[in-house]
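For reference, the structure discussed in these notes is given below.
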Amino acid sequence: MIGYYDRIADYILPYLKDRPLTMQRFPKGISEKGFFQKHIPDYFPDWITTVRIEKVGGWVEHVACNTKETFLYLVEQDVITYHILLSNKNCITFPDKLVFDLDPLDGYFKLAIKAARVLQNLLENEFGFTAFVMTSGSKGLHVVVPLFQEDSFDEVHDFAKNVSLYICKKHPNDFTTAIRKNKREGKLYVDFLRNSYAQTSVCPFSVRAIENAPVATPIGWSELDDKNLDPQLYTIKNIFNRLEKVEDPWQELTLNAKRIGDAQVKLVDVSAN
């Protein structure tokens with residue numbers, strides 16, 4: 001694990017920089033239950049950068065993993081998976097990306113691919129965004145839209161909710177926004193709830209605490225056509241073979257940021273049809 005994170009540092013650090021981090025730690029290995037940790041422990045060295053974010057009744061002092069030294073220290077502290085806020089320290093209350101987590105039931109990954117394609121068509125062709133896609137390293141896919149930090153979490157959350165409701169209405173047999181698994185009736189869950197203040201999503205190139213150590217991997221849209229594609233296709237053992245051949249498809253993520261304003265108006269129009 002240390003060897004992997006040492007080699008991948010140049011790829012993952014740009015996604016971690018200046019973002020409050022939630023650490024998923026496994027002191028006894030993945031065979032036993034780990035834990036999530038937001039607040040920096042007292043015993044962490046004082047040279048680690050932190051970011052304070054407000055919570056009900058107080059503050060949380062998160063680690064901001066800005067350097068390779070910090071990064072490898074966290075690996076040594078049994079952090080396996082890195083979960084990051086959808087905003088950075090420049091403006092914590094305004095997200096710089098919108099995330100749809102497409103979480104299918106086991107064995108229904110093709111539904112995640114279908115949902116990603118539906119979202120891509122809507123977000124890019126109807127609303128003018130540039131959308132990006134990533135295997136989660138777990139069960140599904142993430143579709144991400146970069147944003148200027150000019151719309152509040154409440155505004156972005158409402159927009160993401162309405163987009164999710166719209167595609168579920170258009171594809172009632174395939175997709176659902178039902179939070180409870182027993183209410184999903186075999187449909188794919190379109191999770192828009194991550195687009196809320198202090199919520200997180202898994203960081204690109206982060207390892208998941210699953211057997212074979214799969215990696216959350218940014219991919220190109222054309223790769224959804226690959227019959228071998230699987231949310232756990234890329235692992236710490238084969239990811240570098242990929243990176244030798246394919247550049248990170250998310251390299252220009254931040255260069256494609258937009259506001260959601262015009263898209264909100266267009267969503268009302270398409271929903272009316």
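The values are calculated or read from the model by the stated rules, or taken from the named source; none is laboratory data. What you are looking at is a predicted structure, and each value in this text was computed from that prediction instead of being measured. Neighbour counts run over all protein chains shown; Cβ positions are idealised from the backbone, glycine included. The area values use the complete protein model at the heavy-atom level, side chains included, leaving out ligands, DNA and RNA. Shrake-Rupley method; radii C 1.70, N 1.55, O 1.52, S 1.80 Å.
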*asked:* Using only alpha-carbon positions, what ratio does the radius of gyration of the range 109-227 give when scaled by 2.2 N^0.38 Å?
replied: 1.07
*Hey, what's the Cα Rg ratio for the chain versus the globular rule of thumb, 2.2 N^0.38 Å?*
0.99
*Cα axis of helix 153-170 to longest principal axis of the chain: angle in degrees, 0 to 90, nearest 10?*
50
_Shape category assigned to the range 1-107 from the gyration tensor of Cα positions, a/c cut at 1.5_ = rounded
*Sticking with the crude label model, points 7 Å out along Cα→Cβ, report the distance from residue 42 to residue 18 in nm, one decimal please.*
3.2
_Please check: in the Gaussian network model of the chain (C-alpha springs, under 10 Å), which one of 221, 59, 47 has the largest mean-square fluctuation._
47
*Local electrostatic count, residue 266, Cβ distance below 13 Å [Lys/Arg +1, Asp/Glu -1]*: -2
*Surface per residue (accessible, 1.4 Å probe) for the range 153-273, Å²*: 55
*Quantify, in whole percent, the carbon and sulfur part of the accessible surface of the range 65-203 (1.4 Å probe; protein heavy atoms only).*
45
*asked:* Report the Cα-based extents of the range 213-273 along its three principal axes, largest first, to the nearest Å.
replied: 47, 26, 20
*Let me have the 222 nm mean residue ellipticity of the chain computed from DSSP H runs of 4+ only, each contributing -39500 (n - 2.57), with the sum over all residues rounded to the nearest 500.*
-8500 deg cm²/dmol
_For Cα pairs less than 8 Å apart in space and 6+ apart in sequence, what is the mean separation divided by the residue count of the range 85-154, i.e. the relative contact order in percent?_
43
*Using label points projected 7 Å from each Cα along Cα→Cβ, tell me how many nm separate residue 121 and residue 154, to one decimal.*
3.5
